[in-house]
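First up is the structure itself, then whatever we jot down about it.
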Amino acid sequence: MCHQSVGLIAREAEATGIPTLSMSSALDITQAVNPPRAAFLDYPLGHTTGRPHDPALQRAIMLEALE
C-alpha cells in the first residue's frame, strides 16, 4: 500500500471519530501526504519502529509515539 493511500485512509478514519497515528521514516512523503497525526523516525525505510530484533527499543519508540 502506498504512503498516500495510508494518509487518505487515516483522514477517513478520523472523520468517523477514530483517532489515527501514522508512523513514518520518509519525512518528505509524510509532509506531502499530511496525515492527521504523524510521528517521524529517522531510520532506514522499513524500520519505522526501530532496529530489528530490539524489542526494548521498539517498545520505547511506540510509547513515545503514542504520547
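The values are calculated or read from the model by the stated rules, or taken from the named source; none is laboratory data. What you are looking at is a predicted structure, and each value in this text was computed from that prediction instead of being measured. Because the Cβ atoms are built from the backbone with ideal geometry, glycine has one as well, and the counts that use them run over all protein chains shown. The area values use the complete protein model at the heavy-atom level, side chains included, leaving out ligands, DNA and RNA. Shrake-Rupley method; radii C 1.70, N 1.55, O 1.52, S 1.80 Å.
For beta carbons closer than 6 Å, sequence separation of 6+ or different chains, a first residue in segment 47-67 that is on the phi > 0 side of the Ramachandran plot and a second that is in a helix (DSSP H, G or I), the qualifying pairs are 50/57; 50/58; 50/61. Scanning segment 28-67 for residues that are under 14 Å from residue 6 (Cα atoms) and aliphatic (A, V, I, L, M) yields 29, 32, 33, 38, 39. One residue stands out in segment 1-24 among those that are touching a helix residue (DSSP H, G or I) at 6+ places or on another chain (Cβ under 8 Å) and open to solvent by less than 70 Å² (accessible area, probe 1.4 Å): the one that is nearest to residue 61 (Cα to Cα), namely 23. From the list 10, 39, exactly one residue is in a helix (DSSP H, G or I), of a type in the set (Gly, Ala, Ser) and either at pLDDT 90 or above or under 23 Å from residue 64 (Cβ atoms) (or both). Which is it? Being in a helix (DSSP H, G or I), of a type in the set (Gly, Ala, Ser) and either at pLDDT 90 or above or under 23 Å from residue 64 (Cβ atoms) (or both) holds for just one of 10, 39, which is 10. Within the option set 41, 63, 27, 57, being loosely packed, with under 12 Cβ neighbours inside 10 Å and hydrophobic (A, V, I, L, M, F, W, C) holds for one residue only, 63.
The set of residues in segment 15-36 being part of a loop (DSSP other than H, G, I, E, B), aliphatic (A, V, I, L, M) and under 10 Å from the mean Cα position of the chain (by Cα) consists of 21, 26.
No other residue among 53, 3, 47 is at pLDDT 90 or above and not charged (D, E, K, R) apart from 53.
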